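Read through the structure below, which is laid out as structure tokens, and then see the notes.
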Amino acid sequence: QLQLVESGGGLVQTGGSLRLSCAASGRPARTYMMGWFRQAPGKEREFVAAISGRDGNTDYDDSVKGRFTVSSDNAKNTVYLQMDSLKPEDTDVYYCAASGSSSYYYSYEYNYWGQGTQVTVSS
């Protein structure tokens with residue numbers, strides 16, 4: 001069983017930066033497709049970014065391309081989401097997730113989820 005724990009959320013001003021961490025335990029995160037999602041109250045969980053544990057390939061939603069960077073540290077079994085040039089519309093609860101398949105865009109493709117971390121960007 002894989003467990004995921006996010007950290008690093010908080011309150012930041014527009015234009016600021018935050019780095020989210022997703023610490024995995026129980027299994028190596030590198031054997032999964034790791035994704036980041038975000039969700040606002042009453043809305044669907046939406047894809048933000050993903051990184052393949054197998055080859056390190058990454059992908060991003062258009063809304064965060066050029067501002068967010070997903071990376072992994074296999075030695076620490078941790079995946080990161082570096083968020084720069086933050087905007088008020090980035091305010092959400094951010095979730096880390098792991099998929100056992102190569103698919104990554106939809107939340108139903110993921111088998112394991114963290115508890116989420118709140119990111120709030122003030123204007």
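The values are calculated or read from the model by the stated rules, or taken from the named source; none is laboratory data. Because the structure is predicted, anything quoted here is derived from the model rather than measured. Methodologically, a virtual Cβ is constructed for each residue, glycine included, from the backbone with ideal geometry; neighbour enumeration extends over all protein chains shown. SASA here: full protein model, heavy atoms, side chains in, ligands and nucleic acids out. Shrake-Rupley method; radii C 1.70, N 1.55, O 1.52, S 1.80 Å.
In table form, for the structure just shown:
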quantity	calculated
Strands (runs of 3 or more DSSP E) (entirely within region 72-123) containing at least 1 residues that are closer than 18 Å to Ser52 by Cβ	78-83, 92-99
In region 59-69, residue nearest to Glu6 (Cα to Cα) [restricted to those that are in a strand (DSSP E or B) and open to solvent by 40 Å² or more (accessible area, probe 1.4 Å)]	Thr69
Long-range neighbours under 9 Å by Cβ, at least six apart or interchain, first residue closer than 14 Å to Pro28 by Cα within region 45-59, second at pLDDT below 95 and of a type in the set (Val, Ile, Thr)	Gly53/Thr31; Arg54/Thr31
Of all residues making up region 40-58, the number that are open to solvent by less than 50 Å² (accessible area, probe 1.4 Å) and either in a strand (DSSP E or B) or of a type in the set (Phe, Trp, Tyr) (or both)	6
Close pairs from region 79-100: first farther than 18 Å from Gln39 by Cβ, partner part of a loop (DSSP other than H, G, I, E, B), Cβ under 7 Å, at least 6 apart	Asp84/Ser17; Asp84/Arg67; Ser85/Gly15; Ser85/Arg67; Gly100/Tyr32; Gly100/Asn111
Hits in region 1-14 - residues which are in contact with a Ser or Thr (Cβ under 8 Å, 6 or more places away or on another chain) and open to solvent by 50 Å² or more (accessible area, probe 1.4 Å)	Gln3, Val5, Ser7, Leu11, Gln13, Thr14
Condition check for Arg27: of a type in the set (Lys, Arg), under 15 Å from Gly114 (Cα atoms) and assigned to a loop (DSSP other than H, G, I, E, B)	yes
